[in-house]
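Notes follow once the structure below has been shown.
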Ligand SMILES: *Cc1c(COP(=O)(O)O)cnc(C)c1O
C-alpha cells in the first residue's frame with residue numbers, strides 16, 4: 001500500500017474508535033443515571049504522531065493529554081489547538097515546572113507540596129493561574145506516584161493557600177486488578193471527591209474527577225468519573 005492509503009486507513013480507524021468510545025461513554029452514563037455531557041473524553045497522545053492527533057481533533061476531540069513535558073513542547077507547533085486544550089497527566093519533576101507552566105490548561109499530576117510550591121512560584125512569575133488536579137495513590141502502591149490518603153486532605157488545605165494555583169479536583173490511576181476490586185477503588189475515589197467537595201475549601205473547586213483509561217473507563221464512569229483519559233483505544237497500541 002502507498003503511504004497515503006496507510007494514512008487514510010489509520011484516520012478511519014481513529015474515527016471508528018472515537019465513535020465506539022463515545023457510544024460506550026453514553027451507555028455507561030445512562031447505566032449510572034448520569035448525563036454523558038458531564039463526562040469529558042481526553043485523548044491521551046503520548047507517542048502519537050501529530051498528524052493523527054490533529055485528525056482526532058478534527059473529529060471532535062477538544063482535550064488532549066501528554067505525559068512528558070519534553071514531548072508536549074516538541075509537538076506543540078504541529079498541533080491544531082485552536083479548539084483544543086492540553087493537560088499534563090504524567091509525573092512532573094520540579095525542575096521541569098518552569099517549562100510547562102503557561103503552556104497547558106491543567107496539570108493533573110500534582111502529588112507533593114514541593115511540586116505545588118514550584119508551580120505556584122512559576123505561575124506567579126508568569127502571572128497565570130494554573131489549574132491543577134491532585135493525584136491520589138488510591139491503591140497505596142509503592143510503585144505509583146500520587147498522594148497517600150493519610151496526607152491528602154492536609155495537602156489540599158496547604159495548596160489551597162497558594163494564590164496562583166487553582167485546585168480543580170482529583171486524579172488517579174488505580175492498581176491493575178479485577179473488576180470488583182476496581183469498582184471499590186473507583187467508588188472510594190468518588191467518595192473522597194464528594195467528601196472534599198463538601199468541605200467547601202477556599203480556592204478549591206472540586207469539579208473534575210479524572211479516572212478511567214482504555215481498559216476501565218466505563219467502570220470509572222459508573223463510579224462517578226467526570227474525565228476519562230483514553231489513549232490506546234483511540235490511536236492503537238503505542239510504539240515506543
Ligand atoms: C498513558 C496514560 C493513559 C492512557 O492509557 P491507555 O491505556 O492507553 O488508555 C491515561 N492516563 C495516564 C496518566 C497515562 O499515562
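General observations
- Count of region 220-240 residues, restricted to those that are within 16 Å of the ligand (Cβ to nearest atom) and touching a strand residue (DSSP E or B) at 6+ places or on another chain (Cβ under 9 Å), is 12.
- Test for residue 4: is it part of a helix (DSSP H, G or I), loosely packed, with under 15 Cβ neighbours inside 10 Å and at pLDDT below 95: yes
- Selected residue [at pLDDT 95 or above and within 16 Å of the ligand (Cβ to nearest atom)] from 113, 173: 173
- Within region 188-214, tally of residues that are within 14 Å of the ligand (Cβ to nearest atom) and surrounded by fewer than 20 Cβ atoms within 10 Å (Cβ to Cβ): 2
- Test: residue in region 69-88 that is within 14 Å of the ligand (Cβ to nearest atom), touching a strand residue (DSSP E or B) at 6+ places or on another chain (Cβ under 9 Å) and touching a residue at least 60 places away in the same chain (Cβ under 8 Å): no
- The sole residue among 217, 185 that is within 16 Å of the ligand (Cβ to nearest atom), in contact (Cβ under 8 Å) with a residue 40 or more places away in the chain and in contact with a helix residue (DSSP H, G or I) (Cβ under 9 Å, 6 or more places away or on another chain) is 217.
- Members of region 133-187 found to be exposed (fewer than 14 other Cβ atoms within 10 Å of the Cβ) and within 24 Å of residue 105 (Cβ to Cβ), listed by number: 158, 161, 163
- Within region 39-50, the set of residues being in contact with a helix residue (DSSP H, G or I) (Cβ under 7 Å, 6 or more places away or on another chain) and away from the ligand (no atom under 13 Å from the Cβ) comprises 39, 50.
- Here the condition is being farther than 23 Å from residue 22 by Cα and modelled with pLDDT under 95; of 126, 144, 96, it holds for 144 alone.
The values are calculated or read from the model by the stated rules, or taken from the named source; none is laboratory data. Computed from a predicted structure; not experimentally measured. Counting neighbours? That spans all protein chains shown, and the Cβs are built from the backbone with ideal geometry, glycine included.
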